[in-house]
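Beneath this line is the structure, given in structure tokens, with notes to follow.
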Amino acid sequence: MKCPYCLSDIEDEALVCKVCTRDLYLLKPLLEKISKLEGQLAAVADPASFDERIRDLEQQLASAHERLHPVRTGPLAFLFNLTVFILLPLGLLLLSHWLITIALDTSLLYLRIISIAVPLPFGLVLFLRRRRAVLPWFVGTVFLAIASVIGMSWITSLVDNTPVLPQNVFEWREYLEYAASISFSFLTGMLLGGVLNSRSHRPAGKLRDSLLKSIISRLVGGNLTPQQLGTLIKKLEEYGSSIVAVGTTAVSIYTGLKGVLGS
């Protein structure tokens, strides 16, 4: 150990410093306690290693969940998903259009609201059940929106003997607004479902975390500790997903009600 007075190296059993001849009898128990605490502190693992272990366990948990609940593939699974999450909401939208515009002949405000309310829960349930590839379902969303507006126009044409496709700029705008409200609603449901699914059993993406840490370190000049970086990344994930969800929902509502509010 070192002498607390002159910092010279002395024997652990010494009661007097051989260099400065100071008495160490009263300070020795304190020095031994400090030395013991330093040893215990050195034996404690780096907190970053605990975070890494937690991420590995989350990854193992997600892998085990996927093995217990394998994703169904094949023609039957494709037809099931297509029927439940695309054709069923399409049928509900067309039925709602017929009831509101033909059978009841009531305000189009209800049709605007339904075009937002119907697709959202289907997208939510779709991505809440398990993780899925986004691109194929984005294509499905576009198909749902286009088929819905064409189907609605076809139903109207059967009664009023009008063309199915738009004939002027105003009608094209109406087509696009209905299609946008349907697609934004379904995509909002997909986003919310994906966020809830990832929070329930989320494997921490190591590549994503590494990239985020690199970007944040450059932005703040590398002045954050690994623990502070990890906390900041979690907050960005939570707030970012919430902001995107709120934003897409607001766009969907605005698009759906724009015609009514504008009039």
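The values are calculated or read from the model by the stated rules, or taken from the named source; none is laboratory data. Nothing here was measured: the structure is a model prediction, and the numbers come from that model. Ideal geometry is used to build each Cβ from the backbone, glycine not excepted, and the neighbour counts take in all protein chains shown.
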(message) Quick test for you: out of Ile100, Ile114, pick the one residue that is β-branched (Val, Ile, Thr), under 23 Å from Phe184 (Cα atoms) and within 31 Å of the chain's Cα centre (by Cα).
(response) Ile114
(request) Spot the failing condition for Asp46; the list is (1) closer than 30 Å to Leu126 by Cβ; (2) modelled with pLDDT under 70; (3) among the charged types (D, E, K, R), and only one is missed. (result) (1)
(message) Let me confirm something: among Leu109, Leu92, which residue is over 22 Å from Val142 (Cβ atoms) and touching a residue at least 24 places away in the same chain (Cβ under 8 Å)?
(response) Leu109
(message) Being modelled with pLDDT of 85 or more, more than 21 Å from the chain's Cα centre (by Cα) and not in a loop (DSSP other than H, G, I, E, B) is true for just one of Ser153, Ser185. Which residue is that?
(response) Ser153
(message) Quick test of your reading of the structure: Leu37 fulfils all but one of (1) surrounded by 11 or more Cβ atoms within 10 Å (Cβ to Cβ); (2) at pLDDT 70 or above. Name the failing condition by number.
(response) (1)
(message) If Ala145 meets every condition in (1) surrounded by fewer than 17 Cβ atoms within 10 Å (Cβ to Cβ); (2) within 17 Å of Leu82 (Cα to Cα); (3) not basic (Lys, Arg) apart from one, which number is that one?
(response) (1)
(message) So in the range 131-171, with the set limited to residues that are without any contact (Cβ under 8 Å) to a residue 24 or more places away in the chain and of a type in the set (Val, Ile, Thr), which one is farthest from Leu92 (Cα to Cα)?
(response) Val169
